[in-house]
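K.L.:
Would you mind keeping the following structure in view while I ask a few things?
The values are calculated or read from the model by the stated rules, or taken from the named source; none is laboratory data. Since the structure is predicted, the reported quantities are computational estimates derived from the model, not experimental observations. With ideal geometry, Cβ positions are generated from the backbone for all residues, glycine too; neighbour counts draw on all protein chains shown.
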Amino acid sequence: MGTGTGAGAERRRFPGISSRAYEHPADRSALVALRKLTGFDAVFKALSGMLPERSLRLLFLSDSVRVSERQFAQLHELLLDAAYVLDLDRVPAMYVTQDPRPNAMCIGLDQPIIVLTTGLVELLDEAEMRAVIGHEVGHALSGHAVYRTLLLFLTNMAVRVAWIPLGNLAIMAIVTALREWFRKSELSADRAGLIVGQDPQASVRGLMKLAGGNHLHEMNVDAFLEQADEYEAGGDLRDSVLKILNVLPRSHPFAVVRAAELRAWAAGRDYQRIMDGHYPRRDEDGGASVSDSVRESAGHYAQRVRTGKDPLVKLVNDVAGGAGELGGRLRNFATGAARSARDAARGPRDTAEGRGEPGSGEPGRAEGQGPADPQGPKEQGPSDPPDGSAGR
């Protein structure tokens, strides 16, 4: 136990590792925003006794195959290995259920359970499945299963909770906020899967298969990751809005986005520090600073605004830097119109003003550069519903 075949080398174990080691800043900030949502506490308390944990357990026990030494023995070994690497106190039960859609989820309250579909089991090889199971064990370690179960219940049982005084609109607001948080939590769990598998190529291959099926001989990792760059930078403001609308009903981020986020984190210092044995421990969680987490999340978003290629992010960046008129930039981004005619009509002095160029009275501020962050950017890198929108 504790050795892997994917990278062909000894894999490391991380005694007492805290989920803070791999949690994405966007995951933490989205969860804070969710808990502050008006009515969330009331709904959570009202439904805590109704959440169908016992019913779900009986359902999978009666109509799925429980993974053990005698059934799906290889998956059982991968599960034990993931729990060993992340030093999980209690190994979650795991089931395989008949469903051709590749998918996995971690649900439950006191005792999370992991569910894999046959479509996923048939799609992935051992190294890729190791990352997936590590992903789900990461959900369990982070305590995500509680909120995932709440999301599953509210989504599938919305009609039955209509009697709650908050009303349907409030329930839908909570479902939307839960989905937003869950998409971010997938980025955290992807990192946990990489910590378990310790094979970045296998993690990316798994995401490629979720996007394009079992046709690796027809796919290319570099080309797949280039899609993420094109997706982030391509189009105009209209495309930015469409991206938001496309992702709203999903429980998972898009596969190319997840792959790009994971690639960046795997290449960064945070992942390397964990591999070197420098990571936060669970016995230190009680003394963890909330303000530090908030500051880290703020630093992450500040850097995304400064370096983002998305047209909407660029617009926010330019406005924050005092560059140009908001209305004019919205018009130009929405229509794709060039700005050259307007700049030509201005004099050199006028063109420089408002952009921080020489003679503008604002030295040292280049166009498109946001205000300086007094804290300095922190280096940051850069998941399992029945709807089949994504596989992990």
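K.L.:
Within the range 274-288, track down each residue that is assigned to a helix (DSSP H, G or I), under 22 Å from the mean Cα position of the chain (by Cα) and either at pLDDT below 95 or not hydrophobic (A, V, I, L, M, F, W, C) (or both).
P.N.:
Across the range 274-288, the qualifying residues are 282, 285.
K.L.:
Report every pair of residues separated by at least 6 positions or lying on different chains whose Cβ atoms are under 6 Å apart, first residue within the range 113-141 and assigned to a helix (DSSP H, G or I), second surrounded by fewer than 24 Cβ atoms within 10 Å (Cβ to Cβ) and of a type in the set (S, T, N, Q).
P.N.:
Here the result reads 118/98; 123/214; 141/19, each pair linking the range 113-141 to a residue that is surrounded by fewer than 24 Cβ atoms within 10 Å (Cβ to Cβ) and of a type in the set (S, T, N, Q).
K.L.:
Could you please give the count of residues in the range 207-222 that are assigned to a helix (DSSP H, G or I) and more than 22 Å from residue 187 (Cβ to Cβ)?
P.N.:
3
K.L.:
Right, something else. So, in the range 179-220, how many residues would count as being within 25 Å of residue 146 (Cβ to Cβ) and among the β-branched types (Val, Ile, Thr)?
P.N.:
Residues that pass the stated criteria total 2.
K.L.:
Now a separate question. In the range 189-203, what residues are over 14 Å from residue 106 (Cα atoms) and not hydrophobic (A, V, I, L, M, F, W, C)?
P.N.:
Passing the criteria: 191, 197, 198, 199, 200, 201, 203.
K.L.:
Could you check the range 97-146 and list, in sequence order, the residues that are surrounded by fewer than 19 Cβ atoms within 10 Å (Cβ to Cβ) and either of a type in the set (Lys, Arg) or at pLDDT below 95 (or both)?
P.N.:
Listed by number, the residues that qualify are 101, 109, 110, 111, 143, 146.
K.L.:
In the range 227-238, which residue that is buried (at least 17 other Cβ atoms within 10 Å of the Cβ) and modelled with pLDDT under 65 is farthest from residue 204 (Cα to Cα)?
P.N.:
Filtering the range 227-238 for residues that are buried (at least 17 other Cβ atoms within 10 Å of the Cβ) and modelled with pLDDT under 65, the one farthest from residue 204 (Cα to Cα) comes out as 237.
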